[in-house]
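**Q** My questions will all concern the structure given below.
No lab work stands behind these numbers, since they all come straight from the coordinates. All values reported here derive from a predicted model rather than from experimental measurement. Every residue, glycine among them, receives a Cβ derived from its backbone with ideal geometry; neighbour counts consider all protein chains shown.
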Amino acid sequence: MTIMPQKNIAAKILALIMAIILWMYVMNEQNPPVEVSFSIPLEVQNLTTNYTLAEAPETVRVKIRGLRNVVAYVTAADIKAYLDLRGVSEGRQTVKVHVVIPPNLELTEVNPDQAMIRIDTMAARQLPVEIQYSGTAIVGAMVGKALTTPVQIAVQGPRSLVDTVERVIAVVDLNMRNADFTTEPSLKAIGRDGKIVDGVTCSPAKVNVAVTMAKVPSKKTVEIKPQVYGDLGAGLTVRRITIEPETVEVQGPNQELEKIDTIFTMPINLGGLTKDTSQEVKLQLKEGISAAQASVLVHIYLAAGPAAPGANR
């Protein structure tokens, strides 16, 4: 049996220790530990399907520590930050931020390490689609009618937001249009303040709008005349009849307007009148003809004795 010599063993151990110390010194000088921070998107896990995260931080600040040659290759994509929302209920609450980092690194800071969140219930409402127009059609053209398919859509999202939606609009561009056309505009959910409500979705996101264009009707200003019938009581006559306003602007196909010089009121019954009176009376309008106002104010003035010439205008 050969016995290894014990000579200089203490010196060898000391040399080994010195070598280790020197190696550590060199490594710390050439490859020292460093800290670096990242902005990490905050993910959500295990949220019940009928709930939605209405409020939460979008990112957290994560600081890690490690040897410089290791940290140099770390990117934000290598770090994960998430909220575990298993078992949470509706309302505001504070939950812990979980962070996963690559091996051989130390997590030194998470800011915030707890997130203030609000959980809301998912909801949906059916609303009709309203059409709004933008742009200007070619001179002489106008929208005759427009139909949407479907006529109603579902607004979906957090209940607190869905409840603020007042209407859903589809914006149709009329620029340089003069013929029938179809389009598929995206929908916008509008709140009571007239602004777009972010955080809700429309289903479907688009609708089909069929627009029928028409010619702009011609306009004409014509005189209004009263039409009366019935007998006054004994000893009474119509002294004068006036109308407010005396004229009205009408519009419609040009060939029809050429035939119109006067618009009559609906018949006014004079029977039973015993004193001066005023009443609102509708106008008689032919099919296809419209007026700037649908009715006028008629003043009827009575007198004793024979009717004055031209009393009925």
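**Q** Would you kindly compute the Cα radius of gyration of the stretch 239-292 and its largest Cα-Cα separation (Dmax), both in Å?
**A** For the stretch 239-292, the Cα-based Rg and Dmax read 13.9, 43 Å.
**Q** Moving to a separate point now. As an exercise, identify the trypsin sites (Lys or Arg not before Pro) in the stretch 92-193 lying in DSSP coil whose Cβ has no more than 15 other Cβ atoms within 10 Å.
**A** On the way: sites: Arg92, Lys96, Arg118, Arg125, Lys145, Arg159, Arg167, Arg177, Lys188, Arg192; in loops: Arg177, Arg192.
Answer in residue order: Arg192.
**Q** Sequence-distant or interchain residues sharing an amide H contact under 5 Å with Ser218, placed H: which?
**A** Residues meeting the criterion, in which the H sits 1.01 Å from N, are Gly252, Asn254.
**Q** Measure out, as a whole number of angstrom, how far apart the alpha-carbon centroids of the stretch 90-124 and the stretch 31-74 sit.
**A** 10
**Q** Considering only Cα-Cα distances, which of the following residue pairs are longer than 31 Å: Lys259/Lys282; Lys188/Lys215; Lys215/Lys282; Lys188/Lys282; Lys215/Lys259?
**A** Working: Lys259/Lys282 20 Å; Lys188/Lys215 29 Å; Lys215/Lys282 27 Å; Lys188/Lys282 39 Å; Lys215/Lys259 19 Å.
Violating the 31 Å Cα-Cα cut-off are Lys188/Lys282.
**Q** Placing +1 at every Lys and Arg Cβ and -1 at every Asp and Glu Cβ, with all other atoms neutral, what dipole size does the chain have around its Cα centre, in debye to the nearest 20? Let's see the in-between values first.
**A** Numbers: 31 positive and 31 negative charges, 71 e Å.
Magnitude of the dipole: close to 340 debye.
**Q** Also: How high is the relative contact order of the stretch 36-92? Use alpha-carbon pairs under 8 Å, at least six apart in sequence, and give a whole percent.
**A** Working: 65 pairs, mean separation 31.5, N = 57.
55 percent.
**Q** Let me ask something additional. Mind listing the long-range amide H neighbours of Arg167? Cut-off is under 5 Å, sequence gap 5 or more, other chains count too, H placed in the peptide plane at 1.01 Å from N.
**A** Amide H to amide H, under 5 Å and 5 or more residues apart or across chains, Arg167 pairs with Ile190.
**Q** Please list, ordered by chain and number, the residues whose modelled amide H lies under 5 Å from the amide H of Arg240; skip anything fewer than 5 residues away on the same chain.
**A** Tyr301
**Q** Show me, for the stretch 140-147, the HN-Hα J-couplings you get by feeding each phi into the Karplus relation (A = 6.51, B = -1.76, C = 1.60, θ = phi - 60°), rounded to Hz, glycine and proline as x.
**A** Whole-Hz 3J(HN,Hα) from phi for the stretch 140-147: x, 10, 8, 6, x, 7, 9, 10.
**Q** Still on this structure, please answer the following. Can you compute 3J(HN,Hα) from phi for each residue in the stretch 218-234, using the Karplus curve 6.51 cos²θ - 1.76 cosθ + 1.60 with θ = phi - 60°, rounded to whole Hz and x for Gly and Pro?
**A** Going residue by residue, I get 6, 10, 7, 9, 10, 7, 9, 10, x, 10, 10, 8, x, 10, 7, x, 4 Hz, with x marking Gly and Pro.
**Q** Which value at 222 nm does the chain reach when only helices count, each DSSP H run of 4 or more adding -39,500 (n - 2.57), with the total divided by all residues and rounded to the nearest 500 deg cm²/dmol?
**A** Working: 4 runs with 34 residues, N = 313.
Using -39500 (n - 2.57) per qualifying helix, the result is -3000 deg cm²/dmol.
**Q** Find the relative contact order for the stretch 122-215 and round it to a whole percent, using C-alpha pairs within less than 8 Å whose residues are 6+ positions apart. Display every interim value, and only then the final one.
**A** On the way: 221 pairs, mean separation 36.2, N = 94.
Worked out over the stretch 122-215, it gives 38 percent.
**Q** Next question, about the same structure. Taking the chain as the reference, fit the longest principal axis to its C-alpha atoms, fit the long axis of helix 9-30 to the helix C-alpha atoms, and give the angle between the two in degrees, 0 to 90, nearest 10.
**A** Tilt of helix 9-30: around 20 degrees.
**Q** Which number do you get for Rg(Cα) / (2.2 N^0.38 Å) in the chain? Write out the running numbers ahead of the final one.
**A** Details: Rg = 42.1 Å, N = 313, 2.2 N^0.38 = 19.5 Å.
With N residues counted in the chain, Rg over 2.2 N^0.38 Å equals 2.16.
**Q** With θ set to phi - 60°, apply the Karplus curve 6.51 cos²θ - 1.76 cosθ + 1.60 along the stretch 96-106 and write out the HN-Hα couplings as whole Hz, x wherever there is a Gly or Pro.
**A** So the J values, rounded to whole Hz, are 6, 8, 9, 10, 10, 10, x, x, 6, 10, 10.
**Q** Can you list the lysines whose alpha carbon sits under 28 Å from that of Lys63, skipping same-chain ones fewer than 8 residues off?
**A** Lys80, Lys96
**Q** With an 8 Å Cα cut-off and a minimum separation of 6 or more residues, compute the relative contact order for the chain in percent.
**A** Working: 649 pairs, mean separation 37.8, N = 313.
In percent, rounded to a whole number, it is 12.
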